[in-house]
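Everything on this sheet refers to the single structure shown next.
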Amino acid sequence: MSARQDEHASPVILCYDGSPEAAEAIAHAGELLRGRPAIVVSAWKEILEETLSTAMTRPVADLVDANKRERESAEQFATQGVRLAERAGFRAQPLVVKADGALWEAIELVAEEHDAKLVVCGTGRSGIKAALPGNLASALVNHASRPLLVVPSARAAAQRIRDIREDRVPAAR
């Protein structure tokens, strides 16, 4: 197998959660990596009863059903993400993973298992929001062992440019 064929054998991991930001990231990655194999990963977490009830509220009536809906939602996102990836020029397949810990850990394990060349995710956050807990892009930047492409949404990119320009414009006196 030539180096070029081997290069194309390792997939790109495309993180997809159904958000417009994730769709933008897939489209952008397609412009750069058209024709490569890709795995569209949609991760879900089990809903724990403790997170849905307090001492003041009743427990969830059907936790099994709630988790089934979470998994089914992730399956729908993965299927939708494959369609987007194929439109962007990837040879894509879906993969739904249950995250037992942090979402970034689930993505990292998939990337390792599939010897991914690159992990792609989008972000719609800018400013201080980008550093808040729960931001997959930020967590991957801080923890990933694979190369990573984080694509800011058009909205987030425009806000970042505005923030930079406002910082450089002298204050009116």
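Quick notes on this structure:
- Within the stretch 45-73, the set of residues being under 26 Å from the mean Cα position of the chain (by Cα), open to solvent by less than 80 Å² (accessible area, probe 1.4 Å) and at pLDDT 55 or above comprises ILE47, LEU63, ASP65, ALA66, ASN67, GLU70, GLU72, SER73.
- Residues of the stretch 113-165 classified as among the basic types (Lys, Arg) and modelled with pLDDT of 80 or more, total: 5
- Among the residues making up the stretch 90-111, none is part of a loop (DSSP other than H, G, I, E, B), at pLDDT 95 or above and open to solvent by 20 Å² or more (accessible area, probe 1.4 Å).
The values are calculated or read from the model by the stated rules, or taken from the named source; none is laboratory data. This one's a predicted model, so the numbers in the text were calculated from it and none came from an experiment. Heavy atoms of the whole protein, side chains included, go into the accessibility calculation; ligands, DNA and RNA do not. Shrake-Rupley method; radii C 1.70, N 1.55, O 1.52, S 1.80 Å.
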